[in-house]
Amino acid sequence: MSRKHARIVEQNGLFLVTDLDSRLGTRINRICIEPFVECFLESGDRVAFGEIEMVFLEARDFYRFACGLF
């Protein structure tokens, strides 16, 4: 993962991720996204920056996820 790999922003309560033309790419739920195209994120989406994968959670879903209820 590079230092400026991708950007996540919140706009009007919606979250968007944009790949910044990274060498290893960005994926949402295993689907590669095009560089410089904003893509919506939903709570529970798996986001991968190169080989590093994480789960995107909105605050309201964190407790359910931590307890294995998600």
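The values are calculated or read from the model by the stated rules, or taken from the named source; none is laboratory data. As the structure is a prediction and not an experimental result, all values here were calculated from the model. Please note: Cβ atoms are built from the backbone with ideal geometry, for glycine as well, and neighbour counts cover all protein chains shown. For accessibility, only protein heavy atoms count, side chains too; no ligands or nucleic acids. Shrake-Rupley method; radii C 1.70, N 1.55, O 1.52, S 1.80 Å.
For this structure, a couple of remarks:
- Filter pass, G68 being farther than 14 Å from I8 by Cβ and in contact with an Asp or Glu (Cβ under 9 Å, 6 or more places away or on another chain): no
- Filtered residue count, the range 24-37, keeping only those that are assigned to a loop (DSSP other than H, G, I, E, B), free of Cβ contacts under 8 Å to residues at least 24 places away in the same chain and open to solvent by 30 Å² or more (accessible area, probe 1.4 Å): 5
- Any hit, the range 51-59, residues being open to solvent by 30 Å² or more (accessible area, probe 1.4 Å), assigned to a strand (DSSP E or B), of a type in the set (V, I, T) and in contact with a Phe, Trp or Tyr (Cβ under 9 Å, 6 or more places away or on another chain): yes
- Among the numbered conditions (1) closer than 16 Å to R3 by Cβ; (2) of a type in the set (S, T, N, Q); (3) over 9 Å from the mean Cα position of the chain (by Cα), the only one that S43 does not meet is (1).
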